[in-house]
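Notes to accompany the following structure.
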Amino acid sequence: MKNWNTIGQFSKKVGMSSKALRLYEKLQLIKSHARGENGYRYYHDDQIELAMRLNEFKNLGFTLAEIKSLLHVDKQLSRQLIAESMQKRLILISQQVEKLSSQKIQIKKILTSLNKKTEPLQAEQRRVIMSLFGKVFIAVTGCDGHEKTAENIQAHFKNAGQKISIHTWHENFIIPEAKPFILIIKEVDLKSEKIKHLKPDVIVITKLGEHSKATQKNYLNLFSHIGPHVNTIINADDRSSVELAGESLIKKGRIFYFSKNKALIPQIKNIGGVVSDGEELEIYGFNLQPGPIQLSFKKIMTFDEEVAWLSSLASVMTVGFDKNHLNG
């Protein structure tokens, strides 16, 4: 049988004992296949990578129970994926510390101005207060998914009794005087010099396109004149987006993440955002409450539909809505 190995042959190829293989099989970490009347265990060459991954985790000091739990979350999990996940978590935690400090200073200034009563609020302070009552300018950008994300956000506002318009940016676009409104900005248009003067209150980045310094520069164009009250919604499953979130301009405000990877719940729980497993989702930090809010999917969604829904939920985290306003 081509590409099939007895337990002895397979153990030599992967550098572990037959006893270890039998134990892994008992714990359902790897599965052998019986062939022929003799009932001998056979392993296919396709299982070599999995067996070597198990061995590596064991050498890293993980218990067999821990290995089983890790692989239950992600069957393709490897040392590299673990390292990438930990790097993401380090970035998110660092951002949380910095942004909370910035917001604390901002809120203290607003309270001082309010308590004095005789002094008018500064423009930035007015923007902060208005954003808490849903009077926001939401910019939706990224390489795809703009329209669906914007429509979902519009539905959340409609459920809250607010009418919110959707616009598409162009060179001669005139910003509406009244909020709230949504502006769709295609990634290719972010390089325009006019973009830096938009001053949105919520910025939703569905997913970055080509990863390059030029692309990052174009995105930062949108953040040129924002204040520390701004919410930025980041796709935690898109590595380029997470790297972009590390930029100092973006870290001035609050960052919420959305993800389809439930392994990221610990960090999203601490930082704020939305995480889904395709059937149920949890929202952390809604109205700055620890949460979680749990919602169930009312229909089966495609991958792109789910991303659009998750990003829209994260975009209305702090606009004063009741959880019942969230469009399911």
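Which is out of contact with any Lys or Arg (no Cβ under 8 Å at 6 or more places or on another chain) and touching a residue at least 60 places away in the same chain (Cβ under 8 Å), of Ile203, Ile234?
Numbers: Ile234 fails: touching a residue at least 60 places away in the same chain (Cβ under 8 Å).
Residue meeting the stated conditions: Ile203.
List the number of the failed condition for Ile250; all other conditions in (1) in contact with a His (Cβ under 9 Å, 6 or more places away or on another chain); (2) farther than 26 Å from Ala155 by Cα hold.
All conditions pass for Ile250, except number (1).
Restricting the search to the range 219-264, which residues are touching a Gly at 6+ places or on another chain (Cβ under 6 Å) and part of a loop (DSSP other than H, G, I, E, B)?
Listed by number, the residues that qualify are Pro228, Val230.
Please state which of the following conditions Val275 fails to meet, knowing it meets all the rest: (1) without any contact (Cβ under 8 Å) to a residue 60 or more places away in the chain; (2) assigned to a helix (DSSP H, G or I); (3) under 12 Å from the mean Cα position of the chain (by Cα).
(2)
Looking for whichever is in a helix (DSSP H, G or I) and at pLDDT 75 or above here; the options are Leu81, Leu100, Leu111, Leu90. Which one fits?
Answer to the selection: Leu111.
The values are calculated or read from the model by the stated rules, or taken from the named source; none is laboratory data. Bear in mind the structure is a predicted one, so any value in this text is a computation, not a measurement. We place every Cβ from the backbone using ideal geometry, glycine too, and count neighbours over all the protein chains shown.
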